[in-house]
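The values are calculated or read from the model by the stated rules, or taken from the named source; none is laboratory data. Predicted model, so just to flag it, every value in this text is computed and none were measured. Cβ placement follows ideal geometry from the backbone for every residue including glycine, while neighbour counts extend to all protein chains displayed. Just the protein is used for accessible areas: all its heavy atoms, side chains included, with ligands, DNA and RNA removed. Shrake-Rupley method; radii C 1.70, N 1.55, O 1.52, S 1.80 Å.
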Amino acid sequence: MERTNEMSIEFDSRSCNEGFARVSVAAFCTQLNPTLEEVADVKTAVSEAITNAIIHGYENQVHKIRIECKAAGHELYLTVIDKGKGIADIKKAMEPLFTTRPEWNRSGMGFAFMEAFMDEVVVVSELGCGTEVHMKKTIGRKSHEFPE
């Protein structure tokens, strides 16, 4: 039987909570015995998803963001959920350098960074209802495993 563990947290969409979210997810993934590089990758991806929710989903208004995490075997599954305005064109939004907020000096690299640091990124969004960013990362490659 595969060992699994899950957690979820919900917090206000304030930029000061981005660090809280990063550290919380990093602490959760330590049960998978990640390398420092893997922890940094996960923290960066979470940071980008949270920032997108705050800036684009909620347009800097304070609402709730939810993170759901699941550890299963050597896989870490993360979902960042907002109930904001949603994304009209997900494919376009995921293009590197595309931003709907150039006046705020947004680089348009949030999804590109998520895709670079995670093994899988799937975005589900509905206008007026919000966005879910589903991410997966394998922690520890087979060559680094130790017997339990």
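Of everything listed in (1) in contact with a Phe, Trp or Tyr (Cβ under 7 Å, 6 or more places away or on another chain); (2) modelled with pLDDT under 95; (3) surrounded by 17 or more Cβ atoms within 10 Å (Cβ to Cβ), the single unmet condition for Phe98 is (1). Of the listed requirements (1) within 24 Å of Phe20 (Cα to Cα); (2) at pLDDT below 95; (3) more than 14 Å from the chain's Cα centre (by Cα); (4) crowded, with 21+ Cβ neighbours inside 10 Å, Gly84 misses just one: (2). The set of residues in segment 114-125 that are open to solvent by 80 Å² or more (accessible area, probe 1.4 Å) and at pLDDT below 95 contains only Glu115. The requirement of being crowded, with 16+ Cβ neighbours inside 10 Å and either touching a Pro at 6+ places or on another chain (Cβ under 7 Å) or outside any helix (DSSP H, G or I) (or both) is fulfilled somewhere in segment 23-34, by at least one residue. The condition (being closer than 23 Å to Met109 by Cβ and open to solvent by less than 40 Å² (accessible area, probe 1.4 Å)) is satisfied by just one residue among Ala40, Ala53: Ala53. Might you let me know whether segment 3-15 holds any residue that is among the aliphatic types (A, V, I, L, M) and part of a strand (DSSP E or B)? Looking for residues that are among the aliphatic types (A, V, I, L, M) and part of a strand (DSSP E or B), one finds at least one in segment 3-15, hence yes. Going by what's in this entry, would Thr4 be described as touching a residue at least 12 places away in the same chain (Cβ under 8 Å), open to solvent by 40 Å² or more (accessible area, probe 1.4 Å) and over 19 Å from Met118 (Cα atoms)? Spelling it out, Thr4 is indeed touching a residue at least 12 places away in the same chain (Cβ under 8 Å), open to solvent by 40 Å² or more (accessible area, probe 1.4 Å) and over 19 Å from Met118 (Cα atoms).
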